[in-house]
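Each remark here refers to the structure printed beneath this line.
Throughout, read-outs are computed from the coordinates displayed, never taken from laboratory work. Here the structure is a predicted model, which means the values were calculated and not measured. Every residue, glycine as well, gets a Cβ built from its backbone with ideal geometry; the counts of neighbours run over all protein chains shown.
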Amino acid sequence: MRVVLVGYMASGKSSVGKLLARELGFHFLDLDEYIEQQQKKSIKTIFSEKGEIFFRKLEHEMLSEVLDKYQDLVLSTGGGTPCYGNNMETILQKSDHSIYLQLSIPALVERIKGEKENRPLVKNIKNEDLPEFIGKHLFERSQYYAEAKHVLECDGKDLETVVSEVKQFLF
Ligand code: S3P
């Protein structure tokens, strides 16, 4: 069974994916980490040296590659992954379950405020401008996230609760 987690930056895709994979005994892959290992560079450096378009091409290629790698897999994607090329179509075709970890704008602002440094797209946004930036960005992206097979509302839920609710979608 292949499970793919999608959602905005800081929605918990990596933490949820890691714990979910451990509990299910599945392989875990984080698409950003996979790209970093392949390129031997951080996402931040890839963005600054080669730009976003280069990153999106890599992301597109690696997405298909990782989804063919394991039978039992939990894959955490990057916040932009479903929104470029035909990536959401690939996710739907190659996975058994895709889950959108949905958080409200205020919850995302709270989380992203302290974690901007390694996120090139928000790094230079002032904290006071984050609600407007995230609001607009999420509005553009939601249509892609919403194509996921399942949508899980995550506001106010701790990691264990989210993981156990994801599991209910799977079995
Ligand atoms: C991005 C999100 C990041 C990473 C890259 C671009 C985006 O992943 O892929 O910085 O476009 O939202 P996280 O969602 O893990 O922060």
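Ignoring lysines fewer than eight residues from residue 126 along the same chain, the ones with Cα atoms less than 16 angstrom from its Cα are 113, 116, 136. By the equivalent-ellipsoid construction on the alpha carbon gyration tensor, the stretch 65-121 comes out with semi-axes of 26, 13, 12 Å, ordered largest to smallest. For the stretch 1-67, just say rounded, prolate or oblate: build the C-alpha gyration tensor, square-root its eigenvalues into a ≥ b ≥ c, call rounded for a/c under 1.5, and beyond that prolate if a/b exceeds b/c, oblate if not. The shape class here is prolate.
How would the chain be classified by its alpha-carbon gyration tensor: rounded, prolate or oblate, with rounded meaning a/c under 1.5 and the a/b versus b/c comparison settling the rest?
Oblate.
Going from the residue with the fewest nearby Cβ atoms within 10 Å to the one with the most, 72, 158, 30 rank 158, 72, 30.
Over 23 Å apart at the Cα level, from the set 57/123; 40/167; 40/123; 94/157; 40/94, are 40/167; 94/157; 40/94. Exposure proxy for 171, 133: other Cβ atoms within 10 Å of each Cβ, ordered fewest to most, give 171, 133.
Under the rule that an exposed site lies in a DSSP loop and has at most 11 other Cβ atoms within 10 Å, name the longest stretch of the chain with no GluC sites (Glu not before Pro) of that kind, not counting the sites themselves.
For GluC sites (Glu not before Pro) (loop position, at most 11 other Cβ atoms within 10 Å), the longest site-free span of the chain is 1-114.
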